[in-house]
Structures are given as C-alpha cells and as structure tokens.
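For reference, the structure discussed in these notes is given below.
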Protein chains: 2
Amino acid sequence: MRIDPASAEHPYEQLARQLREQIGSGKITGKLPSITELTALTGLAVGTVRRGIDVFVQEGLVQTVPGRGTFVRR
Amino acid sequence: MRIDPASAEHPYEQLARQLREQIGSGKITGKLPSITELTALTGLAVGTVRRGIDVFVQEGLVQTVPGRGTFVRR
DNA sequence: CACCATTTGTTCGTATGTATG
DNA sequence: GCATACATACGAACAAATGGT
C-alpha cells in the first residue's frame, strides 16, 4: 500500500485503485482496514483516505457503518 | 442563504437544500455562485461548500467546469 | 506571447460529533 | 464509562484550467 505523491494519479485515486485490486483479487473480503489504519499505512490524511473510500461507497461496492467499519458488499 | 450550525441538519445539507430550492424555483438558472462567493454568503468553509455542491454533481443536476464555474444542467 | 484574476480540484492536519460494542 | 470507527467541519495551501489584458 504505497502512495506516490509525485504521481500524476492523485493519492486518493491510487488508494482507491490499490484497494480495488485487493478487493477484486479476494485479498480483502470482509472488513476494510479502518480509516485510521489506512492513514497510518499510506501516510495520507483522513480526508484523503475518505475520498478514496467514497469512490467505493458511490459504486455500492462497500458499505460503511459508523462505529463498526467499512465492509465489502457481497 | 442562511446556515444554522446548531441545526440537526448538517451545514452542507442546508446549503444543498437551499440551492436546490433556488434552482427548482428558477431563481438560479445559468451559473451558480462560485465557491468563494458561497463561502462569503454562508460563512461556511470551502470544503463544506464543495460538499454541498458535490451532492448536485452526483445527481447530474449541475456540471462543474474548472476555471469557469458550476452550471445548472438544462 | 506573457501575465494575471477567477474558479474548480486536491490535500493537509486538526477538531468535534455520533454510533457501536 | 471507555475505546474504536465513521461523519462532518474548519482553515489553509497549492495545483490546474479558463479567460481576459
């Protein structure tokens, strides 16, 4: 889960793409890493991580539950 | 265009609702006030105004053009 | 062509609120 | 009550696109 700030691809897009790959390949099935964990893993800010995850929420690929986490829809 | 921070309705939701009313009633037809103008009009932060407008972008009600502005789709 | 003002787009770091367990 | 986790908001900064001078 490495983010390159200098890339032409925006950090939130890189995050979304990398998460999508891990979801698609089945590496992530149930619960996604928490936003706090993702900020630690990526070095990104909270808002940026949210932005990346929002992509999936819009698509209906994941479901977020306050106090619980973010889950891959199946 | 008044926002009440103490309301149960979030500021970005209040903004979206009020803009929607003005669009629906035909008070706003072409270009929306710029984000900078909306922050001045509402006292909200840039990000919050963006959030409110994003609602319409998602819905396809408006179209944003970098360097130009935000326009009501017709 | 260069320069500049305007406008949207993204990111940061922090704070507070709300829901869950 | 407390820890965890998502949700919203703030203020600031910088980039990129547009259009006019």
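The values are calculated or read from the model by the stated rules, or taken from the named source; none is laboratory data. Everything numeric here is computed off the predicted structure, so don't read it as measured data. Glycine also receives a Cβ, built like all others from the backbone with ideal geometry; neighbour counts cover every protein chain displayed.
Criterion applied to A:Ala40, A:Ala6 was being farther than 21 Å from B:Gln58 by Cα and part of a loop (DSSP other than H, G, I, E, B), and the one residue passing it is A:Ala6.
Taking the condition touching a Leu at 6+ places or on another chain (Cβ under 9 Å), basic (Lys, Arg), more than 22 Å from A:Val55 (Cβ to Cβ) and free of Cβ contacts under 8 Å to residues at least 60 places away in the same chain, does B:Arg73 pass? It is true that B:Arg73 is touching a Leu at 6+ places or on another chain (Cβ under 9 Å), basic (Lys, Arg), more than 22 Å from A:Val55 (Cβ to Cβ) and free of Cβ contacts under 8 Å to residues at least 60 places away in the same chain. Residues in segment B:9-37 that are without any contact (Cβ under 8 Å) to a residue 40 or more places away in the chain and in a loop (DSSP other than H, G, I, E, B): B:Glu9, B:His10, B:Ser25, B:Gly26, B:Lys27, B:Pro33, B:Ser34. Annotation: A:Gln58 fulfils all but one of (1) farther than 19 Å from B:Asp54 by Cα; (2) loosely packed, with under 11 Cβ neighbours inside 10 Å; (3) touching a helix residue (DSSP H, G or I) at 6+ places or on another chain (Cβ under 8 Å); the unmet one is (1). Within segment B:25-47, the set of residues being polar (S, T, N, Q) and either modelled with pLDDT under 95 or surrounded by fewer than 18 Cβ atoms within 10 Å (Cβ to Cβ) (or both) comprises B:Ser25, B:Thr29, B:Ser34, B:Thr36, B:Thr39. Just so you know, in segment A:1-35 the residues that are basic (Lys, Arg) and closer than 18 Å to A:Arg73 by Cβ include one that is farthest from the chain's Cα centre (by Cα), and it is A:Lys27.
Restricting attention to segment B:36-74, the residues that are more than 11 Å from DNA strand D (Cβ to nearest atom), within 14 Å of another protein chain (Cβ to nearest Cβ) and more than 11 Å from the chain's Cα centre (by Cα) add up to 3.
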